[in-house]
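Computed from the coordinates by the stated procedures, all read-outs in this text should not be read as laboratory data. Note that the coordinates shown come from a computational prediction; the quantities given were computed from them, not determined experimentally. Cβ placement follows ideal geometry from the backbone for every residue including glycine, while neighbour counts extend to all protein chains displayed.
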Amino acid sequence: MLVIVAEPVILSPIVTLATVADQTSGARLVAPPNFNPASPTVDQVAVEERVAALAKRSLKKASKVAGLKLAISMMDLTTLEGKDTAGKVRAMCQKALYPLGSDPSLPQVAAVCVYPNWVRLAKQCLAGSNIKVASVATAFPSGQSPLPIKLDDVRRAVEFGADEIDMVIDRGAMLSGQYGKVFDEIAAVKEACGAAHLKVILETGELGSYDVVRKASEIGIAAGGDFIKTSTGKVVPAATPAVTLVMLQAIADHYRATGRKVGMKPAGGIRTAKQALHYLVIVKETLGDAWLTPDLFRFGASTLLNDVLMQLQKEKTGNYQSSEDFSKD
Amino acid sequence: MATKTITKSIPRAARVAAPAPLPAVRLTVNKAYKMYVGGAFVRSESGRYLQVTASSSGGADPAIVNVPRGSRKDVRDAVLVAKNASEGWAARTPFNKSQILYRLAEMMESRRSELVTSLLRGGTAAAEREVDASIDRVVFYAGFADKFHALVASSNPVAGPHFGFSVPEPMGVVCVIAPARPSLLGLVSTVLPLIASGNTCVAVCGMDDPRTPLLWCEQLATSDLPGGVVNVLSGHASELAPIMARHREVMAMDVWGVDKALAAEVEQLGTDNVKRVKVHGPQADWYDERKAQGLGFIERFLETKTIWHPVGI
């Protein structure tokens with residue numbers, strides 16, 4: 001028997017919004033939608049069965065090659081480590097421009113994703129190309145800092161030249177039912193981004209259930225996120241096909257209701273070409289071909305690219321490849 | 001009250017004594033032979049099987065037994081886990097490798113009778129001889145694992161103010177096509193020297209009697225050998241060897257007892273990544289300790305690293 005437990009309704013206090021408006025000079029006072037009864041519950045078994053069924057689809061030969069090339073063009077090549085150096089960022093940018101030196105027919109990746117300190121360097125390395133520079137911000141990866149610091153973080157990253165901002169939501173607020181606070185922070189960050197695109201990281205590995213993921217997705221979308229993203233890559237589990245499907249369904253429902261297209265970025269734990277193709281199948285079956293573009297779908301990836309390159313070379317030569325033959329990021 | 005009513009309503013015929021118990025019959029419990037990949041026992045990804053004859057000297061198997069017929073994908077999976085296991089296994093100290101291999105001999109000794117019963121040919125005496133020789137061979141390479149370095153390494157006289165050292169290193173993933181016979185001793189004799197030096201391997205067991213090699217994998221699994229160091233597939237060498245030869249992650253191949261056409265194909269395909277391919281004719285006598293074991297078997301799949309070290313400045 002389904003038991004629906006009513007959650008405490010915590011409306012966002014207008015006071016908070018006013019504070020945000022003061023801090024961000026010009027944020028619109030938009031009352032957030034009431035998320036409490038609005039979000040549909042997610043059928044866990046059905047979602048997991050659905051993605052498992054989609055994983056069984058077999059892509060071979062020409063369609064596999066096309067899928068893998070599409071996957072490269074959708075990649076946010078990422079390095080987010082405390083040990084990042086200028087050399088590492090330069091090498092990664094080189095790989096973003098020329099994924100495989102021996103095969104100029106391969107597409108470039110969509111973006112590189114770095115910490116704010118490396119945005120300027122990445123911009124220099126990628127000057128003249130169409131590759132975007134994404135920067136994480138808002139006290140990544142925990143998001144446990146005061147809002148003014150988060151907004152400052154965002155503004156600086158944009159000032160350094162970031163085209164896209166990957167923000168983290170306050171999972172503590174999300175889990176304790178302070179949906180208004182989560183909404184307000186995202187709205188304030190969106191305002192601080194200016195022209196830069198905003199990706200909202202839900203960190204689904206910390207949210208506990210698909211119902212919370214669904215709700216967080218709706219908040220991220222309603223507050224103005226251009227993309228919603230599964231994970232920081234610092235928490236296990238990170239992106240899973242099931243959680244991605246739940247988020248895609250939230251995007252689909254929003255599109256049907258408003259006509260606005262929101263993007264999706266699974267990140268963390270996607271390491272093999274086969275997984276990448278599985279995600280593309282899920283996107284196609286949930287949102288259709290319109291979302292199979294780097295403008296609306298991205299992979300957050302650091303090790304995925306090499307495996308995709310290995311599989312593409314295997315299709316080309318007929319031989320399974322050695323990981324030793326591909327540059328380590 | 002209700003209970004009483006029900007008891008009374010049971011017909012007399014139903015309350016007669018139960019019939020005499022049937023004679024006790026046990027259901028047969030047959031073993032599903034599986035391949036050994038990454039420390040797990042797996043069926044072929046392809047779902048295919050080969051039928052082989054079971055031992056006539058006893059054991060629980062029926063007369064005809066199914067063993068998996070390994071596929072291209074099985075080779076690929078096995079090479080991947082062997083590659084992933086490679087770094088960790090090579091990094092273990094030679095003494096630790098030695099201990100683990102000796103532990104394998106212990107596991108084989110404690111299940112000696114099971115191996116003897118499982119072996120197909122030659123009657124019990126011959127089977128006992130093969131199992132004993134196999135266990136002794138494991139002990140031999142267990143002992144050699146921390147000693148061969150001293151025999152193949154060298155300090156080289158060089159014309160300059162340097163020391164020159166040459167030290168052996170494992171190659172990485174080595175694939176083995178094991179001799180068809182003797183099925184257990186042949187596999188043990190070809191796999192043990194590879195792993196004693198720190199390589200990891202994917203072996204296709206001899207298919208004259210593949211059950212005993214697959215049974216041996218259960219002893220590998222309980223021997224402290226990390227998963228993925230030894231992977232054993234069953235299937236047709238003619239199908240699997242070319243796939244191994246083309247795979248660029250495979251550094252070398254040790255091929256026993258295949259026909260000339262297949263040998264030539266493997267050697268040719270192996271050129272793609274300059275694979276070290278060793279093709280052997282039939283070994284005269286796997287029981288001959290002077291010819292069927294020794295440093296040569298280890299040395300065949302080693303790389304040599306030479307280091308120049310300045311001196312006198």
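Bridge orientation summary for chain B: considering DSSP beta bridges with both residues in this region, about 50 percent are antiparallel. A Cβ-based charge dipole, computed about the Cα centre of the protein assembly as shown with Lys and Arg at +1 and Asp and Glu at -1, lands at about 1220 debye.
Dimensions of the range B:79-236 based on its C-alpha atoms, expressed as ranges along the principal axes with the largest first, amount to 64, 31, 25 Å.
Of the chymotrypsin sites (Phe, Trp or Tyr not before Pro) in the range B:165-265, not one is in a loop by DSSP (not H, G, I, E or B) with at most 14 other beta carbons within 10 Å.
For the range A:41-315, the Cβ-based charge dipole about the Cα centre amounts to some 800 debye (Lys, Arg positive; Asp, Glu negative; other atoms uncharged). From the alpha carbon centroid of the range A:181-259 to that of the range B:153-218 is 52 Å.
For chain A, the cysteines with no partner cysteine C-beta closer than 4.7 Å are A:113, A:193. Of all lysines in the structure, the ones whose alpha carbon falls short of 18 Å from that of residue A:274, not counting any fewer than 8 places away in one chain, are A:56, A:60, A:61, A:64, A:69, A:265, A:284, A:314, A:316, B:73. Secondary structure note: in the protein assembly as shown, about 30% of the DSSP beta bridges are antiparallel.
Semi-axes of the equivalent ellipsoid of chain B are 49, 22, 20 Å, computed as sqrt(5λ) over the eigenvalues of the C-alpha gyration tensor in descending order. For the options A:95, A:199, A:61, a Gaussian network treatment of chain A with springs between C-alpha atoms closer than 10 Å singles out A:61 as fluctuating the most.
Take the Cα radius of gyration of the protein assembly as shown and divide it by 2.2 N^0.38 Å, N being the number of residues; the result is 1.23. With bins 10 Å wide beginning at 0, the percent of Cα pairs of chain A falling in each bin runs 6, 27, 34, 23, 9, 2, 0. This ranking places B:248, A:214 by how few other beta-carbon atoms lie within 10 Å of each, fewest first, which gives B:248, A:214. Helix content alone sets the calculated 222 nm mean residue ellipticity of chain A: runs of n ≥ 4 DSSP H residues at -39500 (n - 2.57) each, divided across all residues, give -14000 deg cm²/dmol.
Percent relative contact order of chain A, based on C-alpha pairs within less than 8 angstrom and at least six residues apart? Computed over chain A, the figure is 18 percent.
When chain A is treated as a Gaussian network with alpha carbon springs shorter than 10 Å, the biggest mean-square fluctuation among A:195, A:157, A:276 belongs to A:195. Partners of residue B:147 within straight-line reach, counting lysines whose Cα lies under 28 Å from its Cα and excluding those fewer than 8 residues away in the same chain: B:83, B:97, B:275, B:278, B:291, B:305. Dividing the summed helix terms, -39500 (n - 2.57) for each DSSP H run of n ≥ 4, by the number of residues in chain B produces a 222 nm estimate of -12500 deg cm²/dmol to the nearest 500. Over chain B, what is the relative contact order in whole percent, taking alpha-carbon pairs under 8 Å and six or more residues apart? Relative contact order here is 22 percent.
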